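*Asks:* The following block contains the structure, expressed as structure tokens.
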Amino acid sequence: SSTYAIVAGNDDDGVQIIDISDVDNLVAKGSMDDTDGSLELDGARGIDVFTIGSSTYAIVASGVDDGVQIIDISDVDNIVAKDSMDDSDGSLELDAARGVDVFTIGSSTYAIVAAWKDDGVQIIDISDPTNIVAKGSMDDTDGTLELEGANDVETFTIDSSTYAIVAGNDDDGVQIIDISDVDN
């Protein structure tokens, strides 16, 4: 019976839940920040929300931590960090993660993350929010795509195929990617 917003605090390195059910009387609810450095919330940018079973989660793209953080937001007063992933070893396309969008294929739930400095995108299987797994990725190392400065991403379905559209800020363009096969 209530409506909430979750807001990324880039400078605050965290997130804030806000009850927006009464637009004339907004109420702050649970929040989380990365003051001790244990979470992937430093430079929190993009957020998307998804439900698995009876629980509601948020995935947050972290531009400074070069990663993502999963947060259980089922209890808006007591939000709980779950699994996270970062690009500390340089093997993923998460450097300066910005935009994120959640999509489903079959019974699996995935996120696709736009990575500003990597000029690319990373797909992550988030079906188990306590054990997220990197899947396929794509970057613009050869300069033939419109992914330079990948800033935001949205997904959509046409017929039986799932696609992502990525805004390439430095390319002043957009790139459509077929993500129906999340490993390729």
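*Asks:* Which condition does Met85 not pass, out of (1) of a type outside the set (D, E, K, R); (2) modelled with pLDDT under 95; (3) closer than 30 Å to Asp140 by Cα, if it passes all the others?
*Replies:* Unmet for Met85, out of (1) of a type outside the set (D, E, K, R); (2) modelled with pLDDT under 95; (3) closer than 30 Å to Asp140 by Cα: (2).
*Asks:* For the subset of the range 98-121 comprising residues that are over 14 Å from the mean Cα position of the chain (by Cα) and under 15 Å from Val64 (Cβ atoms), which member is most open to solvent (accessible area, probe 1.4 Å)?
*Replies:* Out of the qualifying residues, it is Lys117.
*Asks:* Still on this model: When the range 162-183 is examined, which residues are found to be open to solvent by 30 Å² or more (accessible area, probe 1.4 Å), more than 17 Å from the chain's Cα centre (by Cα), at pLDDT 95 or above and not acidic (Asp, Glu)?
*Replies:* Val174, Gln175, Ile176, Ser180
*Asks:* Next question. Would you point out the residue of the range 137-156, among those that are more than 16 Å from Gly46 (Cα to Cα) and in contact (Cβ under 8 Å) with a residue 40 or more places away in the chain, that is surrounded by the most Cβ atoms within 10 Å (Cβ to Cβ)?
*Replies:* Pass one, the range 137-156, residues more than 16 Å from Gly46 (Cα to Cα): 137-148, 156.
Then keep just the ones that are in contact (Cβ under 8 Å) with a residue 40 or more places away in the chain; that gives 137-139.
On the way: Ser137: 18, Met138: 22, Asp139: 17.
Among them, the one singled out is Met138.
*Asks:* Continuing with this model, one more query. Within the range 75-90, does at least one residue satisfy the condition of being free of Cβ contacts under 8 Å to residues at least 40 places away in the same chain, at negative phi, not in a strand (DSSP E or B) and not small (Gly, Ala, Ser)?
*Replies:* Of all residues in the range 75-90, those free of Cβ contacts under 8 Å to residues at least 40 places away in the same chain come to 80, 87-90.
Keeping just the survivors that are at negative phi gives 80, 87-89.
Those left that are additionally not in a strand (DSSP E or B): 87-89.
Going one step further and asking which of them are not small (Gly, Ala, Ser), we end up with 87, 89.
Scanning the range 75-90, I find at least one residue that is free of Cβ contacts under 8 Å to residues at least 40 places away in the same chain, at negative phi, not in a strand (DSSP E or B) and not small (Gly, Ala, Ser), so the answer is yes.
*Asks:* Report yes if Asp65 is buried (at least 17 other Cβ atoms within 10 Å of the Cβ), over 21 Å from Thr155 (Cβ atoms) and of a type outside the set (Lys, Arg), otherwise no. Show your work before the answer.
*Replies:* On the way: buried (at least 17 other Cβ atoms within 10 Å of the Cβ): yes; over 21 Å from Thr155 (Cβ atoms): yes; of a type outside the set (Lys, Arg): yes.
It is true that Asp65 is buried (at least 17 other Cβ atoms within 10 Å of the Cβ), over 21 Å from Thr155 (Cβ atoms) and of a type outside the set (Lys, Arg).
*Asks:* Does Ile71 satisfy being part of a strand (DSSP E or B) and farther than 22 Å from Ile105 by Cα?
*Replies:* The answer is no for Ile71.
*Asks:* Which count do you get for residues in the range 13-26 that are open to solvent by 70 Å² or more (accessible area, probe 1.4 Å) and either touching a strand residue (DSSP E or B) at 6+ places or on another chain (Cβ under 6 Å) or among the small types (Gly, Ala, Ser) (or both)?
*Replies:* Of the residues in the range 13-26, the ones open to solvent by 70 Å² or more (accessible area, probe 1.4 Å) are 22-26.
This time we only want the ones that are either touching a strand residue (DSSP E or B) at 6+ places or on another chain (Cβ under 6 Å) or among the small types (Gly, Ala, Ser) (or both), so: 26.
So the answer is 1.
The values are calculated or read from the model by the stated rules, or taken from the named source; none is laboratory data. This is a predicted model, so every value here is computed, not measured. Cβ atoms come from the backbone with ideal geometry, glycine included; neighbour counts cover every protein chain shown. Side chains are part of the model used for accessible areas, which takes the heavy atoms of the whole protein and leaves out ligands, DNA and RNA. Shrake-Rupley method; radii C 1.70, N 1.55, O 1.52, S 1.80 Å.
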